[in-house]
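Worksheet for the structure shown next.
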């Protein structure tokens with residue numbers, strides 16, 4: 001098995017702390033650790049747990065030495081919601097992490113569960129920021145970064161058009177970038193984005209509005225007992 005590096009940039013560091021509320025980025029932080037672990041050992045055991053699945057004693061059981069010295073990744077989601085007794089277990093583990101085991105804590109940040117967050121940082125956790133993207137400029141930066149990560153170029157106008165067309169969902173933006181780079185050779189420009197996606201965001205808005213109007217008509221129809229006054233339209 002590969003020897004674990006000491007660098008905090010190493011995905012196989014004893015502890016990775018992914019902080020934020022952007023689901024796509026949290027999932028990517030997990031995927032990076034799992035991929036690195038399986039590259040080092042194809043038989044890596046991955047345990048992905050919700051906060052309510054990590055009960056007192058569970059972490060000790062999962063991280064106890066194995067006869068086969070197998071590599072293991074233990075993922076704990078929504079760590080800010082862990083019960084107090086379980087937090088004590090995690091803090092104790094952070095003081096003496098097990099060999100060949102990578103613990104990944106996903107924490108929303110903020111005041112809730114801050115004691116665990118502080119303890120993980122004090123223990124030297126490798127930290128990955130996963131902030132919620134709330135501003136158009138942040139989504140634009142994300143799209144540009146996606147193209148760069150894939151080694152592809154896109155014009156500023158193309159990136160802006162993609163954000164305008166897709167909207168605020170990072171998963172959909174990432175998927176759109178993947179589709180464009182798979183289908184289109186060379187630099188991706190605004191015309192290419194227009195052929196694929198222009199009008200999508202506007203169409204979605206109209207669909208929501210239409211459904212709201214239709215729902216209102218149906219509620220009025222039910223209040224009439226299925227019978228409407230002469231000349232009125234139920235739908």
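What follows is calculated from the coordinates using simple rules that are stated; it is not laboratory data. Bear in mind the structure is a predicted one, so any value in this text is a computation, not a measurement. Neighbour counts are summed over all protein chains in view; Cβ atoms, including those assigned to glycine, are modelled from backbone coordinates with ideal geometry.
With a ≥ b ≥ c taken as the square roots of the eigenvalues of the C-alpha gyration tensor of segment 15-130, please select rounded if a/c is under 1.5 and otherwise prolate if a/b is larger than b/c or oblate if it is not? Before the final figure, lay out the partial values.
Working: a/c = 1.75, a/b = 1.21, b/c = 1.45.
Since a/c reaches 1.5 but b/c is at least a/b, the shape of segment 15-130 is classed as oblate.
Taking the mean number of other Cβ atoms within 10 Å as a proxy for protection, how do you rank 97-104, 126-133, 154-161, 45-52 from highest to lowest? Don't jump to the answer; show the numbers that get you there.
On the way: 97-104: 21.4, 126-133: 17.6, 154-161: 19.1, 45-52: 14.6.
The peptides rank, most packed first, as 97-104, 154-161, 126-133, 45-52.
Rg to Rh for segment 136-201: what is it, with Cα atoms only and Rh by Kirkwood?
Working: Rg = 10.2 Å, Rh = 11.3 Å.
So for segment 136-201, dividing Rg by the Kirkwood Rh gives 0.90.
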